[in-house]
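A short write-up of the structure that comes next.
No lab work stands behind these numbers, since they all come straight from the coordinates. A quick note: this is a predicted structure, and the numbers were derived from the prediction, not measured. Here the Cβ is made from the backbone with ideal geometry for all residues, glycine too, and neighbour counts use every protein chain on show.
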Amino acid sequence: MKPSTKRTDRKHSIWVWTALAVMVICPLFIKNNYYLDGFILIFMWGAFAGAWNILSGYAGMTSLGHNAFFGIGAYTSTLLFLHFGLTPWLGMFAGGFLAMTVGLLVGVVCFRLRSHYFALATLAFGEVCSILALSWRSLTGGAEGLALPIEPSLYNFAFDSKLPYVYIGLALCAGVTGVCYYIENSKLGYYLTAFKENEAAARALGVNTGRVRLTAMALSSFLSAISGTFYAQYVVYIDPSSVIRLPLSVQVALFAIVGGVGTVFGPIIGAAIFIPITIALRGWLGTSVTGLYMIIYGVILIIIMLYMPDGIYGKIKNRLTAAGPANS
Amino acid sequence: MLQVRDISKSFGGNVVLSDVSFDINSGDVVGLIGPNGAGKTTLFNILSGVYRSKTGRIKFNGQSLDRLKPEQICKRGLCRTFQITKPFGNISVTQNVMVGALIRAGSLKKAEQKALEILEFVGLYDKRDTLGRSLTIADRKRLEIARGLATQPRLLLLDEVMAGLNPQELSEVKRLIEDIRHSGITLFIIEHIMGVMMSLSDRIIVLDYGKMLCEGSPDSISCDPDVIKAYLGEEYLAATS
Amino acid sequence: MRARSRGTEKESPAISAQYFSKKDTVDLTIFTQLLISGILLGGIYALSSIGLTLIFGVMKIVNFAHGEYLMLAMYATFWLFTLTGMDPYVSIFVVGPIMFALGWVSYRFFVRHTIGKSHLAQIFVTVGISTVIQNVVLLFWSADFRTISLAYARSPIVIGPFPALGVEELIVNPARLIAFVLGMGLALIFYLFIKKSYTGKVIRATSQDRSTALLMGINIDRVFMLTFAIGLLMVGVAGALMMPIFTAHPFVGFEFVLIMFVVVVLGGMGSIVGAVIAGLFIGVLEVFSSFLISPESKQAIYFLVFIAVLVVKPSGLFGMKGEEELERIEAID
């Protein structure tokens, strides 16, 4: 969305396609499951963070309640499988549409609130869902969660080796990134930016800000839920603390923000930075130092917000476009 | 083209507009003047759908504008600029104008073309890649006009686009307004710069404390004792009559 | 209040309580008991929320870490009591100033940099602070529940009976009573400060119109600093008062901050009076729903209230209409 977007992106696209090619080919040669696991998590979080970014980055409506959408996705597909044997591939879409509906409701009620207030409202909403997951034991298994006793098969969206998960995750992440790219270079993107910059001016120019925001919310919540299903299918066990409790919201925001909120590649970059760090920390410190990685997350969040609010990719982009017009 | 009848507006106990009625015909350039606090911008806000008037009606090209939202009114062909400019700071001038163009243009490409045409027309083509927040006041005002033009309005409401400009910038804007008029757009202009208003407008509406003081050609207005009293005070009137 | 038809008496309505049936007096007693407990609890909620609403009213930011500061105050009170035997009601005078200083530090080194910048930054700075504080406390002091019990506050105070009102004995928890009295006392002092003192006027001016205040020569930065520090002072005192009543643990802040958010939203962001009234209301609501439905239902109730407010009148009971909404157009004339 910066000047000469198309031209800098063309320079970028070489890198992007190369990276994509590497991502597609590499996993075939990696035998160490540890690394494959890392990739899978990066892709999953990249997708989730990208989905969050659609609402909080492009539309500028900061949400602290996306944990709910992730959880709705995870629980919906899991429950549909456990109770009805429905293939998670379809359950995924069911979860997505449910999350989208809930998201639209939240949007309709809360969108007129100013940003802090909106964040607060989404926080409350996320908490409600979280509490529901914990207390509605008959449905969700409460704190014990739900296990997926799953036979590996395509129908079951379960596989013996990690490799299929890597590619599905890659497809998911690439898909979300593609959606973000499309948004950025479409009418919707322009309208979202206009709304984010100055709502009054946008409306005076004919932008139906209400509809535009709801579209962003719909996309954002739908894709978050899809990520949730993917997680459920990969880990084959879900419980409130892994798919719906609040720290999830902080984490997804952190990844997107550090990478670059409101940019196409920021969320993936954020995930690619933090997942290895988290895995490494867990490896060194084990579970004895509980919460240490959350402290680090919190500190990084604070530092980034104070000194580099555009995130890493945002900063790169700024520097490029400063040079941009001279190049063109 | 525009029929306004009995528009009143209060905020709390404060009456800002009362019983304002007037017509604007296609092709006119109508000026709106009045001392500070007279209710001019509020009137614009009501016309463009930002505020609602509980009384009265507004008809634009035969259709009622009552209870329409700002974006709907813009789509109908009534567009307004803001007195305190509201550029989209983090995107380029071209992209700013594209936002306006997109309600009529089918694709981004067409919108960009239209935007560039308009930038040429208003004289901002050289600054087309500048970020919105880097513009000077004069350019911001011009951007407001450009964005408004991009929506292809039939009636354009300009809110003090000449405030704070030096004489050269002023004459450029004056020329721009004449060009806009010649392109077939009807104009309704709020302004304080009397000299320009007198020469540009076909008709002038004078507002004072929310009431219409008088309405007529520039010459008849300037001699109207009520107008003189409103602007310059009772003593001046007494002294000069 | 309750139907007199329960009894078999055919006397005129103006009968004295001794003719009420036993069930009536018990019901009325229960009602009054719940009411009192609710009000006492509500007072605590009100006090802890005043700081939050003040910060939002003046600075227009939501302090997402407000609960964690409450938690820190509770722990401070706990450690003072456990290590030095200091009575919690005395430790108010220690914990209060500590929290005030902490507020000063938090603003000066963290929040201040985000004023005027993107809302995202403002939101996530306090979210980050909240995350860090929670997990640091978890790390250093473990997830163990901490409680203190005061000898003199252990035995409940019995009031009544009030036969004239049809009410039997009422029980009041002394720690809650003290917390209520001291808490509401502080709230009153603060209210007077805001309304009458010069500094209070300066603060109110800044909250009403920042740019004009700036033009009048008010040092906005200092006002914000003071506001944030006072906000934390209030929640700090609340924490100290709450320690004898509630359990401290690293996530207690989060539990209470949700209540505080509901109180502030219901009362109206920025309204002190609103926070007090809403706090009392929520306290009473919680106690009644705990009794009539179930103790777990209280969270559902909070959120129902929250949603109801958002749908019906987002500015809350006493907030200015539209305050909570996005910037509107300024009409100059």
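In table form, for the structure just shown:
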item	result
Failed item, numbered, when A:ASN156 is tested on (1) surrounded by fewer than 20 Cβ atoms within 10 Å (Cβ to Cβ); (2) of a type outside the set (A, V, I, L, M, F, W, C); (3) closer than 24 Å to B:LYS110 by Cβ; (4) in contact (Cβ under 8 Å) with a residue 40 or more places away in the chain	(3)
Flag if C:LYS117 is out of contact with any Ser or Thr (no Cβ under 9 Å at 6 or more places or on another chain), free of Cβ contacts under 8 Å to residues at least 60 places away in the same chain and facing chain A (nearest Cβ under 10 Å)	yes
Qualifying position, being away from every other protein chain (no Cβ under 14 Å), surrounded by fewer than 24 Cβ atoms within 10 Å (Cβ to Cβ), over 17 Å from A:HIS116 (Cα atoms) and not small (Gly, Ala, Ser), among C:TYR89, C:TYR69	C:TYR89
Subset tally (residues that are within 21 Å of C:ALA240 (Cβ to Cβ) and surrounded by fewer than 19 Cβ atoms within 10 Å (Cβ to Cβ)) for the range C:147-156	6
Residue list for the range A:185-208, restricted to those being in a helix (DSSP H, G or I) and either acidic (Asp, Glu) or at positive phi (or both)	A:GLU197, A:GLU199
Output for the range C:123-140, where each listed residue is touching a residue at least 40 places away in the same chain (Cβ under 8 Å), more than 22 Å from the chain's Cα centre (by Cα) and within 7 Å of chain A (Cβ to nearest Cβ)	C:ASN135, C:LEU138
Cross-chain or 6+ apart pairs with Cβ under 9 Å, the range B:64-93 first and facing another protein chain (nearest Cβ under 7 Å), then in a helix (DSSP H, G or I) and acidic (Asp, Glu)	B:PHE82/B:GLU144; B:LYS86/A:GLU197; B:LYS86/B:GLU144; B:PHE88/A:GLU197; B:GLY89/A:GLU197; B:ASN90/A:GLU197; B:ILE91/A:GLU197
Residue check for C:ALA205: in contact with a Pro (Cβ under 6 Å, 6 or more places away or on another chain) and among the hydrophobic types (A, V, I, L, M, F, W, C)	no
Tally, over the range C:303-319, of residues that are farther than 17 Å from A:HIS116 by Cα, under 18 Å from the mean Cα position of the chain (by Cα) and at the interface with chain A (Cβ under 10 Å from one of its Cβ atoms)	1
Qualifying residue in the range B:131-140 (condition: under 21 Å from B:GLY27 (Cβ atoms), assigned to a helix (DSSP H, G or I) and more than 13 Å from the chain's Cα centre (by Cα))	no
Considering residues of the range B:102-119 that are more than 9 Å from chain A (Cβ to nearest Cβ) and under 21 Å from the mean Cα position of the chain (by Cα) only, the residue farthest from B:GLY77 (Cα to Cα)	B:LEU119
Helices (runs of 4 or more DSSP H) completely within the range A:209-300 that count 1 or more residues being in contact with a Pro (Cβ under 6 Å, 6 or more places away or on another chain) and at negative phi	A:209-235, A:247-260
Check on B:ALA146, within 21 Å of the chain's Cα centre (by Cα), buried (at least 17 other Cβ atoms within 10 Å of the Cβ) and either facing another protein chain (nearest Cβ under 9 Å) or more than 27 Å from B:GLN168 (Cα to Cα) (or both)	no
Enumeration of residues in the range B:163-194 that are under 30 Å from B:ASP19 (Cβ atoms), of a type outside the set (Val, Ile, Thr) and out of contact with any strand residue (DSSP E or B) (no Cβ under 9 Å at 6 or more places or on another chain)	B:ALA163
Residue check, C:ALA205 under 17 Å from C:TYR45 (Cα atoms) and either of a type in the set (A, V, I, L, M, F, W, C) or part of a helix (DSSP H, G or I) (or both)	no
Residue that is farthest from the other protein chains (Cβ to nearest Cβ), among those in the range A:159-188 that are in contact (Cβ under 8 Å) with a residue 60 or more places away in the chain and polar (S, T, N, Q)	A:THR177
Test: B:PHE11 is surrounded by fewer than 21 Cβ atoms within 10 Å (Cβ to Cβ) and under 16 Å from the mean Cα position of the chain (by Cα)	no
Failed criterion for A:ILE54 (all others in (1) buried (at least 24 other Cβ atoms within 10 Å of the Cβ); (2) out of contact with any Ser or Thr (no Cβ under 6 Å at 6 or more places or on another chain) hold)	(2)
Residue match in the range A:42-64 (condition: within 14 Å of chain C (Cβ to nearest Cβ) and in contact with an Asp or Glu (Cβ under 9 Å, 6 or more places away or on another chain))	yes
Test for C:LEU47: is it under 21 Å from C:ILE157 (Cβ atoms), crowded, with 24+ Cβ neighbours inside 10 Å and touching a residue at least 24 places away in the same chain (Cβ under 8 Å)	yes
Enumerated helices (runs of 4 or more DSSP H) restricted to the range A:67-158, each holding at least 3 residues that are within 14 Å of chain C (Cβ to nearest Cβ)	A:88-110, A:115-135
Test set (1) buried (at least 24 other Cβ atoms within 10 Å of the Cβ); (2) hydroxyl-bearing (Ser, Thr, Tyr); (3) more than 8 Å from chain B (Cβ to nearest Cβ) - A:TYR191 fails condition number	(3)
Within the range A:258-285, tally of residues that are within 13 Å of chain C (Cβ to nearest Cβ), farther than 30 Å from A:ALA143 by Cα and either surrounded by fewer than 19 Cβ atoms within 10 Å (Cβ to Cβ) or among the hydrophobic types (A, V, I, L, M, F, W, C) (or both)	2
Top-ranked residue in the range C:256-298 [being facing another protein chain (nearest Cβ under 10 Å) and in contact (Cβ under 8 Å) with a residue 40 or more places away in the chain; ranked as nearest to C:LEU72 (Cα to Cα)]	C:VAL257
